[in-house]
Amino acid sequence: MTGALLSEAVADRFHLPPGAVYLKSHSVGCQPRAAEGLLRDRMLAPWRDTGEAWPDWLAAIDAWRAALAGLIGVEARDLCPVTNVSAGLSRYLSALGAATGRRTILLAPSAFPTIGYVAGGLAAAGWTVRYLPDDADVRDVANWTAALDDDVALAVPMHVSSNSGALTDIAAVAAAAHAAGARCIADCAQSVGVVPVTPAAWGVDAVLGTSVKWLCGGPGGAWLWVAPHDRTALCPSERGWWSHADPFEMAIGDFRYAPDARRWWGGTPDVAPFVLSTAGIAEIAAIGVDRIAAHNRALQAMLRDALAAATPQWRWPEGAIGGTLCIDTGADQPRVAALLDRHGLRADFRGTVLRLSFHAYNGAADVETAAAALA
């Protein structure tokens, strides 16, 4: 597996916290060294030099759309910048009611809580939320198929589950949803940047993602991709002046939706988060997601080989997983948490489940440090 490891020089392209082994890219990815200069050149310098810098700022957002489109293999016009995953899902759902008479949203109980919060907030509009059984494996498409009926409008699978690392076959879930007459929107917040994300190949209707984690782009740079077949078919009721075909037309009584994903944009956009996100995307693209994925799997295997036999009381994940290694430490959790602190290992827990992430800037030495500390 060592042949899959990336060069140690990759780490030099990122700011890593001193005196620590950083294993929390599932939460926040480390800052690319190029981010500060890009923010200065594309956001701050035009603002300083021209005052009203909208032409430069919009060009920067166009550059972000193009960069992300290249990374995930879609058309830039089908990508809309949003502040966070919640905002993207809310805007998507605001259009769905007029497009279908169905009123059930299907989730797994392991979905990131914000998905459930957004969906559950639509009860007053007649929507209901249905969950898969608590013990259902989200990777088994039969569990999704069994829960799909003629009232389900939308299935929302996580590509990678944040609490278990389970890697779902999104194409299979999307096919099951479509066979049942429903749409499918994939939450890729925990996968994009470390696992290949291919919306067009999956056949999904939409994808949600964020830059703050594996894309190393910081908070505020999230996105909604809507499939070309819904490019003009869905009309969000949650809209703003930047959803307009011509935001600067300024005719209050004449709203016309933008002909592409900008219709989901809403009000005055953020700029800085997308400049920072562009820096992260550029680094991930330059390294290559497939190479990052292989590197990640090799480091996971090294840690498991070093620790599994010595920790029979822990429950290690089985089956397909993404970039985050989620290990249920059970009654050992307080001891493990203390060891993490003592040895400067930056990881976290969901209950008793230890979450460790190896990104491109981690290496074999990080595995050795973690194994020695936790053995």
*Note the full-extension length gain between Ala142 and Ala365 as 0.36 nm times their separation in residues minus their Cα-Cα distance, in nm to one decimal.*
76.2 nm
_Separation between Cα centres of the stretch 193-209 and the stretch 44-80, rounded to whole Å_ = 21 Å
*Karplus-derived 3J(HN,Hα), 6.51/-1.76/1.60, for each residue of the stretch 308-323, Hz, glycine and proline x*: 4, 5, 7, 10, x, 7, 8, 9, 8, x, 10, x, 5, 9, x, x
_Cut-off 11 Å, label point 7 angstrom out along Cα-to-Cβ of Leu16: give me the residues of the stretch 347-366 whose amide nitrogen falls inside._
359-366
*Hey, what angle do you get for helix 85-99 against the long axis of the chain, alpha-carbon based, 0 to 90 degrees rounded to 10?*
40 degrees
*Just tell me the longest site-free run in the chain, where the sites are trypsin sites (Lys or Arg not before Pro) in a DSSP loop having at most 13 other beta-carbon atoms within 10 Å.*
34-255
_Spin-label pair Thr114/Arg291, simplified geometry with 7 Å Cα→Cβ offset, distance in nm_ = 3.0 nm
*For the pair Thr83 and Gln333, how long in nm is the line joining their label points, each one 7 Å along Cα→Cβ?*
3.2 nm
*Label points 7 Å out from Cα along the Cβ direction at Asp254 and Arg48: separation in nm?*
4.1 nm
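Within the accessible area of the stretch 325-375, what % is carbon and sulfur when the probe is 1.4 Å and the other protein chains stay in place?
On the way: 1000 of 1930 Å².
Carbon and sulfur together cover 52 percent of it.
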*Return a whole-number percent for the relative contact order of the chain, with Cα pairs under 8 Å and 6 or more residues apart as the contact set.*
24 percent
_Accessible area of the stretch 198-259 belonging to carbon and sulfur atoms, whole % at 1.4 Å probe_ = 60 percent
_Is the C-alpha gyration tensor of the chain telling us rounded, prolate or oblate? Criteria: a/c under 1.5 is rounded; beyond that, a/b larger than b/c is prolate, otherwise oblate._
oblate
*Please list the non-local residues whose amide H lies under 5 Å from the amide H of Gly217, H modeled 1.01 Å from N, same-chain partners needing a gap of 5 or more.*
Gly29, Val212
_Under 5 Å, built H, 5+ apart or other chain: amide partners of Val21_ = Leu345, Arg346
*Residue by residue, what Karplus-based ³J(HN,Hα) values in Hz, rounded to whole numbers, does the stretch 253-265 have, using 6.51, -1.76 and 1.60 with θ = phi - 60° and x for Gly and Pro?*
x, 10, 9, 10, 4, 4, x, 9, 5, 4, 4, 8, 6
*Can you tell me the accessible area per residue over the chain, all protein chains present, probe 1.4 angstrom, in square angstrom?*
40 Å²
_Give me the percent relative contact order of the stretch 69-194, please, defined on Cα pairs under 8 angstrom at least 6 residues apart._
23 percent
*asked:* 5 Å is the cut-off here: which amide hydrogens, built 1.01 Å from N in the peptide plane, fall below it relative to Arg350, excluding neighbours closer than 5 in sequence?
replied: Arg355
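The values are calculated or read from the model by the stated rules, or taken from the named source; none is laboratory data. On a predicted model such as this, the values are computed, not experimentally measured, just so you know. Positions of Cβ are backbone-derived with ideal geometry, glycine not excepted, and every protein chain shown enters the neighbour counts. The area values use the complete protein model at the heavy-atom level, side chains included, leaving out ligands, DNA and RNA. Shrake-Rupley method; radii C 1.70, N 1.55, O 1.52, S 1.80 Å.
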